[in-house]
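Read the structure below first, then the notes.
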Amino acid sequence: MQAIFSDIEKLRKLPKAELHLHIEGTFEPELIFELAAKNRVDLNYKSVEELRQAYQFSDLQSFLNIYYAGMSVLKDEYDFEKLAESYFERAAADGVVHAELFFDPQAHTGRGIKFDTVINGLHRACKNSATKYGLTSALILCFLRDLDSESAMATLEEALKHKEKFIAVGLDSAEVGNPPSKFEKVFARARTEGLLTVAHAGEEGPPPYVWEALDLLKVSRIDHGVRSLEDEKLTKRLKAEEIPLTVCPLSNVKLKVFKDLKEHNLKKMLDLGLKATINSDDPAYFGGYVLENYNQCRLALSLSDEDLIQLAKNSITASFLPENEKRKHLQAIENQFNLTT
Ligand code: HPA
Ligand code: ZN
């Protein structure tokens, strides 16, 4: 029997949630140039093509340098709204029914942009995408882990004035040398305010960082977490506690976490019974949005229909949606793609 997902159009129709997406990482070169012109910012690149050609990375830090440079053209609420609006348009076309978006406020407040400007623009786009595409969404405030914990705490205090506009806090930027333990107090404060927590861990950093994220930051999900498999005890715990891992396959290849997509451990995670999900991380920089991640993994890792359906279901159950919404999406997957009939 021919596989259901042997063509990308079927995969597009598979309802999926995207849970690991940096909104600033969706900034396409065309829009960077458009907003640079609007805001009269000089770019170091002469053309869209030249900028795109600079997207060759050797590791996480080499990417972060370009990522922070790109976002320097974001100035007013309209810019942030436009950025997120452009993402939602692509996500809806990829079959995303729910998206949880990271944003990096310190990357903006650090260059003189008000926190309110950032969150109000993003929040407006989130509301509009529900009306326009029926695509629900939520915001997750990420702290830059290479900055000190005092800066993170000050950011959180300021953010709490807008508490109804985001659901969780996370941790991103340069991982090695900046373990989760550095932010234990900040995350404890966030939790007392009723916020959920997630953290990037085990992307470039070692398994002990994943342990810390679980034990000290009490995260509901691990972002990336691909290095967890180096530690058997940790792997067992992730499975036993059904901790979701928001895996970003094309990102991992671009940032040289894996040499080739064929060597990625996503299929191994599924075979071990871990709650892995597929996400795009910074799709404007890493060569593909979420559908492209699903499709390239399907081909490189020979994912079966069962694997792909499991990944989509995992993305729904691992989301922060209310239970009734999760059930609705899971039912839609069952109805459309029932393997037993
Ligand atoms: N890792 C850490 N920080 C980030 C990333 C990532 O993949 N993308 C944007 N900030
Ligand atoms: Zn990330």
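Along the charge dipole of segment 8-336, Cβ charges K/R +1 and D/E -1, which of I66, P180, T277 sits furthest on the positive end? Farthest towards the positive pole: T277. The residues of segment 100-239 have, on average, 38 Å² of accessible surface per residue, using a 1.4 Å probe with all protein chains present. Multiplying the residue separation of K38 and N128 by 0.36 nm and removing their Cα-Cα distance gives an extension gain of 30.1 nm. What's the longest bit of the chain with no exposed trypsin sites (Lys or Arg not before Pro), using DSSP loop states and at most 16 other Cβ atoms within 10 Å as the test? The longest such stretch corresponds to 115-217.
Centre-to-centre separation between the Cα atoms of segment 1-50 and those of segment 94-138: 15 Å. Scaling against 2.2 N^0.38 Å puts the C-alpha radius of gyration of segment 213-341 at 1.05. Label separation (Q336 vs S58): 4.3 nm, computed from points 7 Å beyond Cα along the C-beta direction.
Measuring between alpha carbons in the structure, the pairs from K161/K239; K13/K185; K38/K165; K75/K326; K127/K275 lying more than 31 angstrom apart are K161/K239; K13/K185; K75/K326.
Per atom type, the chain shows carbon and sulfur on 50% of its accessible surface, probed at 1.4 Å. Shape class for the chain: rounded, because the ratio a/c of the largest to smallest gyration tensor axis (alpha-carbon atoms, square roots of eigenvalues) is under 1.5. Sorted from greatest to least, the principal axis extents spanned by the alpha carbons of segment 41-104 come out as 35, 29, 23 Å.
Which residue, chosen from L156, S319, Q56, occupies the Cα position most advanced towards the positive end of the dipole of segment 8-336, where the dipole is computed from +1 (Lys, Arg) and -1 (Asp, Glu) charges on Cβ about the Cα centre? Farthest towards the positive pole: S319.
Estimated purely from DSSP H runs of n ≥ 4, each contributing -39500 (n - 2.57), the mean residue ellipticity at 222 nm for the chain is -14000 deg cm²/dmol once divided by its residues.
What you get for the chain, charging only the Cβ of Lys and Arg (+1) and of Asp and Glu (-1), is a dipole of about 600 debye around the Cα centre.
The values are calculated or read from the model by the stated rules, or taken from the named source; none is laboratory data. This structure is a prediction, so every number in the text was calculated from the model and none was measured. Cβ: placed from backbone, ideal geometry, glycine included. Neighbour counts: every protein chain shown. Ligands, DNA and RNA are stripped out before the accessible areas are found, and what is left, the full protein with its side chains, is counted by its heavy atoms. Shrake-Rupley method; radii C 1.70, N 1.55, O 1.52, S 1.80 Å.
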